[in-house]
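> Shown below is the structure under consideration.
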Amino acid sequence: MNDQEIIDKAIAEAKKMKKALAKKMVDHLPQEESAVSVFMAGSPGAGKTETARNILSMFKTQSGMSLVHIENDELRKEFKDYHGENSPLFQRAATLLVEAIHDRALHKDVSFILDSTLSSFEKAKVNIERSLKRGRFVQIIFVYQEPEQAWRLVKAREKVEGRRVPEEVFVTQFMQSQQVVSELKKLFGSDIDIMFIEKNIDGKNERPHFNVTDIDALLRKKYNRQSLETIVGLQQS
């Protein structure tokens, strides 16, 4: 099969399985009076999924509450032709599964963590509006890692898992995830809560900041597209 045939087949598979998969992931959890919507944000390689899993464990330990972990990358494994290196071919198909699980969690009043880069403003805006209309507490957790380190982690993960993030995708999502979170805070104000977590591979510099109003104020160094392209090897320094 060529790339387009793989994409089309995966989309067809997603449409067939999405309802059953959403029910499987959501329906065993109890309906909540005060359900929570948590949206992860940050570049590839920042450590979002690790943070999300820690939060899931914390919720379970402290309140006995289970959240649905909706993760695009993990859902790609549902497709027979997926093998990591062809990860970009399954973006749309996996997104169909994400949307179905998200819809189900909202409908059933079940808390969730939507684990993505949050690099699309329009999509994030619509998702947050849907949660707010249902009276849910909405939190964005922005996980930040310096781009040099985040890119090294992306490349190390590729060797272990085979999952590839193209250089241009890394650059774009690194920049857009910051811009989107800033714009969302300006739009929704106190209706949403933002936590900023700064991570470092040595574990000595993982600092959470709560009730953040401006993530730009917490970023020590600003990176433009040219400097990021140099880091990932798209431009010579």
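> Restricting to the stretch 54-66, and then to whatever is assigned to a helix (DSSP H, G or I) and hydroxyl-bearing (Ser, Thr, Tyr), can you tell me which residue is nearest to Ile141 (Cα to Cα)?
Ser57
> Here are Arg163, Arg220, Arg157, Arg152: which of them is in contact with a helix residue (DSSP H, G or I) (Cβ under 9 Å, 6 or more places away or on another chain) and of a type in the set (Lys, Arg)?
Arg163
> Checking the condition in contact with a Phe, Trp or Tyr (Cβ under 8 Å, 6 or more places away or on another chain) and not in a helix (DSSP H, G or I), which residue from His28, His69, His83 passes?
Exactly one residue qualifies, and that residue is His69.
> Of the conditions (1) surrounded by fewer than 21 Cβ atoms within 10 Å (Cβ to Cβ); (2) in contact with a Gly (Cβ under 9 Å, 6 or more places away or on another chain); (3) not basic (Lys, Arg), Thr117 satisfies every one except a single condition; which number is it?
(1)
> Please return the ranges of strands (runs of 3 or more DSSP E) entirely within the stretch 121-237 where 2 or more residues are crowded, with 20+ Cβ neighbours inside 10 Å and touching a Phe, Trp or Tyr at 6+ places or on another chain (Cβ under 9 Å).
Ranges flagged: 137-144, 193-198.
This table checks each residue for (1) among the small types (Gly, Ala, Ser); (2) within 15 Å of the chain's Cα centre (by Cα).
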| residue | (1), (2) |
| --- | --- |
| Gly64 | yes, no |
| His69 | no, yes |
| Glu74 | no, yes |
| Glu85 | no, no |
| Leu89 | no, no |
| Arg92 | no, yes |
| Ala100 | yes, no |
| His107 | no, no |
| Phe112 | no, yes |
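> Could you please let me know if Leu97 is over 22 Å from Ile231 (Cβ atoms), assigned to a helix (DSSP H, G or I), hydrophobic (A, V, I, L, M, F, W, C) and modelled with pLDDT of 95 or more?
In short, yes.
Okay, residues lined up against (1) at pLDDT 95 or above; (2) more than 25 Å from Asn54 (Cα to Cα); (3) acidic (Asp, Glu):
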| residue | (1), (2), (3) |
| --- | --- |
| Phe142 | yes, no, no |
| Pro166 | no, yes, no |
| Val180 | yes, no, no |
| Leu184 | yes, no, no |
| Asn211 | no, no, no |
| Ala217 | no, yes, no |
| Gly233 | no, yes, no |
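> Please count how many residues of the stretch 114-129 are under 12 Å from the mean Cα position of the chain (by Cα) and among the hydrophobic types (A, V, I, L, M, F, W, C).
Going through the stretch 114-129 one residue at a time, the tally reaches 3.
The values are calculated or read from the model by the stated rules, or taken from the named source; none is laboratory data. Only a predicted model underlies this, so the values are computations on that prediction, with no experimental measurement involved. Positions of Cβ are generated from backbone atoms using ideal geometry, with glycine treated the same way; all protein chains shown enter the neighbour counts.
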